[in-house]
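Down below is the structure, laid out as structure tokens.
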Amino acid sequence: QVQLVESGGGLVQPGGSLRLSCAASGSIFSINAMGWYRQAPGKERELVAAITSDGSTHYGDSVKGRFTISRDNAKNTVYLQMNSLKPEDTAVYYCNADLVLPGPRGNVEVWGQGTLVTVSS
């Protein structure tokens with residue numbers, strides 16, 4: 001069984017920083033793209049940032065210049081460094097990954113359980 005486990009959420013004041021981590025575990029051959037999405041109350045889930053296996057990145061317009069996505073392929077882990085946080089960044093943040101499994105099982109898209117980020121004074 002493969003899974004993504006997130007950590008690093010919490011309460012932070014406006015202007016502060018947080019770092020989210022997401023580790024993939026289980027029988028994994030390789031990982032293609034990894035990314036972070038978020039969902040605020042009453043809103044649809046939106047892409048925050050994504051990173052390919054070779055390190056190419058893509059950001060949602062609302063976080064460009066403030067958030068940085070990175071990954072450690074040796075640890076099957078993706079990170080999201082969030083700086084200059086705003087109240088509107090408050091949401092549940094979900095990790096997502098396109099995993100390549102050994103043998104004939106092929107590719108599978110997996111989601112983490114979500115971690116709550118609250119930006120408030």
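The values are calculated or read from the model by the stated rules, or taken from the named source; none is laboratory data. Keep in mind it's a predicted model, so treat the numbers as computed, not measured. Quick reminder, even Gly has a Cβ in these numbers, built from the backbone with ideal geometry, and neighbours come from all protein chains shown. Ligands, DNA and RNA are excluded from the accessible area calculation, which covers all protein heavy atoms including side chains. Shrake-Rupley method; radii C 1.70, N 1.55, O 1.52, S 1.80 Å.
For the reader, a short list of remarks on this structure follows.
- Here the extension length gained between D61 and A33 equals 8.2 nm, from 0.36 nm per residue of separation less the Cα-Cα distance.
- For the stretch 26-92, taking the reciprocal of the average inverse distance between every pair of different Cα atoms yields a Kirkwood hydrodynamic radius of 12.9 Å.
- Whole-percent carbon and sulfur share, accessible surface of the chain, 1.4 Å: 48 percent
- Using the alpha carbons alone, the radius of gyration of the chain stands to its Kirkwood radius in an Rg to Rh ratio of 0.98.
- Relative contact order of the chain, defined on C-alpha pairs under 8 angstrom at six or more residues apart (%): 36 percent
- What you get for the chain, charging only the Cβ of Lys and Arg (+1) and of Asp and Glu (-1), is a dipole of about 160 debye around the Cα centre.
- Centre-to-centre separation between the Cα atoms of the stretch 20-34 and those of the stretch 47-121: 11 Å.
- Using a simple spin-label model with pseudo-atoms 7 Å out from Cα toward Cβ, Q81 and K43 lie 2.4 nm apart.
- Highest to lowest packing among 58-68, 100-110, scored as the average C-beta count within 10 Å: 58-68, 100-110
- Using the 1.4 Å probe convention, the accessible area of the chain works out to 52 Å² per residue with neighbouring protein chains retained.
- Backbone N under 11 Å from the Q113 label point (7 Å along Cα→Cβ), restricted to the stretch 1-27: 4-7
- Computed from label points 7 Å out along Cα-Cβ, the spacing between S53 and Q1 is 2.6 nm.
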